[in-house]
Amino acid sequence: MFIEDDYKNNLVSKPWGHEYLIYENNNLGIWILYIDEQERTSFHCHSKKLTGLIVLEGNVEVSFLENKSTLKPFEKVMIRRGLFHSTKSISKNGSIIIEIETPKHKNDLIRLEDNYGRQGQSYENKTKYKAKDSSHLWIEEGKLSKFLNYKFEIVNVDAESDLPNMNDNDICILLSGGFYNKSQQDVLEVLSVGDCFYYRIYKTINKSIHGMLDNTKVLILRK
């Protein structure tokens, strides 16, 4: 018997493939999505969630109401709240992507169109759950995780030097805390929970960062 919200131990079957949770805390959830060739997610938006997408394998086409863009492996996009979008695999063997949802709320979902008749429906229920096994990625603090040709590591950040051996193209996902600028006694966040950014971008904007909030943690994704 599966528990409906037990995403940690189950994967969720989708008409376009499947997805499963690889990390969560009180702020966000991070998922792996497998999208079959020429299949696509529903055309949907989230009213409360910020979404980040990072391509790991294959090429994808991310469509919006009036435009679209193609992403290759290790390219990413951030999608604001309320922005309708759909993700399609355009690779022969399908595509694998990471999805970051901030905050966690699977039923924060407005489906406008869907190739599989799910428009207007909420997130999949427990009838679509299947138990995960040891082959499915789960990221833990203090442990280096490997998946495909990538390495995942959670780092507690107290200073720039605490981002270990970073390369310009490494991707950072802010899990908790944040980086801020202080102006006239106001604390203004430059990077917030759920943001994903290349390390080279962090280096560029670092001069605008005056400090870090307590308990700042970053998930580093590198090849």
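The values are calculated or read from the model by the stated rules, or taken from the named source; none is laboratory data. Values in this document were obtained by computation on a predicted structure and should not be read as measured data. When we count neighbours, we look across all protein chains shown, and the Cβ atoms used for this are built from the backbone with ideal geometry, even at glycine.
Only one of the listed residues (S183, S192, S208) is without any contact (Cβ under 8 Å) to a residue 12 or more places away in the chain, farther than 18 Å from E75 by Cβ and not assigned by TED's automatic domain parsing to the domain that holds L33. That residue is S183. The strands (runs of 3 or more DSSP E) falling completely within segment 11-75 that include 3 or more residues that are without any contact (Cβ under 8 Å) to a residue 40 or more places away in the chain map to 60-63, 68-71. When each of L112, L137 is tested for being among the aliphatic types (A, V, I, L, M), assigned to a loop (DSSP other than H, G, I, E, B), outside the structural domain of L191 (by TED's automatic domain parsing) and touching a residue at least 60 places away in the same chain (Cβ under 8 Å), the lone residue that passes is L137.
Counting only residues that are touching a Gly at 6+ places or on another chain (Cβ under 6 Å) and among the aliphatic types (A, V, I, L, M), which one in segment 57-116 is farthest from F147 (Cα to Cα)? Top of the filtered list is M78. The set of residues from segment 115-129 being surrounded by 13 or more Cβ atoms within 10 Å (Cβ to Cβ), more than 17 Å from K88 (Cα to Cα), touching a residue at least 24 places away in the same chain (Cβ under 8 Å) and over 20 Å from the mean Cα position of the chain (by Cα) comprises K126, K128, Y129. Any chance segment 71-93 includes a residue that's within 18 Å of L11 (Cβ to Cβ), under 18 Å from the mean Cα position of the chain (by Cα) and modelled with pLDDT of 95 or more? Within segment 71-93, one or more residues are within 18 Å of L11 (Cβ to Cβ), under 18 Å from the mean Cα position of the chain (by Cα) and modelled with pLDDT of 95 or more.
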